[in-house]
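Let me begin by presenting the structure, written as structure tokens, before commenting on it.
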Amino acid sequence: MRAADRGHTRWGIVLPFLALPVVGLGLLIVGLFLWADSDDDGTRAGAAAVPCPEALAFGAAERPANAHAHDCAVQRGIDTSYSAVLRMPREDVRDWLGETYPDAPEPRTGGGSCGALCLDVTHENGLPGAAEAHVVQVRVEYVNAETALVRFSAFTM
């Protein structure tokens, strides 16, 4: 053995071949985590727009003839949540709620997050059997003397 070769091994040749499977496994694990964290249907991270009749039907409701529905969306994950915003004549809100949820308790009025009028309905207190939702929440704000903004939310738990 020459003096220049002393202490020199062949690991310089073998080490790249041993490191290759480790790097490949690491990339596979990182790719698996990135794939698991991705969401192909686009509904997990945020709400997706849906037709307003679909959003209202989830809570066994229909758009009143004199109302304009907009901003209707669904968000799916462990639970499903539909939402809609209705702009309608202020004087028609109570009648619409009474016709849609005849067995529900009377809407509450004023204060805090309730706005001008609130209604929370479950299957235990008046939600029709046709509803796919477990809970329907309605929050009403009066825009002016003639117009109400109705925020409708129907979701599972």
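Points to keep in mind about this one:
- Residue in region 58-78 that is at pLDDT 95 or above, in a helix (DSSP H, G or I), within 30 Å of Asp103 (Cα to Cα) and open to solvent by less than 50 Å² (accessible area, probe 1.4 Å) present: yes
- Output for region 126-157, where each listed residue is open to solvent by 10 Å² or more (accessible area, probe 1.4 Å) and in a strand (DSSP E or B): Val135, Gln137, Arg139, Glu141, Tyr142, Thr147, Leu149, Arg151, Ser153, Phe155
- Top-ranked residue in region 68-103 [being within 15 Å of Arg139 (Cα to Cα) and of a type in the set (Gly, Ala, Ser); ranked as nearest to the chain's Cα centre (by Cα)]: Ser83
- Some residue of region 26-42 being among the polar types (S, T, N, Q) and either surrounded by 10 or more Cβ atoms within 10 Å (Cβ to Cβ) or at pLDDT 95 or above (or both): no
- Selection of region 89-125 for residues being surrounded by 15 or more Cβ atoms within 10 Å (Cβ to Cβ) and modelled with pLDDT under 90 yields Cys114, Gly115, Ala116.
- Restricting attention to region 91-128, the residues being under 16 Å from Phe58 (Cβ atoms), in contact (Cβ under 8 Å) with a residue 24 or more places away in the chain and not β-branched (Val, Ile, Thr) number 3.
The values are calculated or read from the model by the stated rules, or taken from the named source; none is laboratory data. All values reported here derive from a predicted model rather than from experimental measurement. Here the Cβ is made from the backbone with ideal geometry for all residues, glycine too, and neighbour counts use every protein chain on show. Heads up: the accessible areas ignore ligands, DNA and RNA and are worked out on the full protein's heavy atoms, side chains in. Shrake-Rupley method; radii C 1.70, N 1.55, O 1.52, S 1.80 Å.
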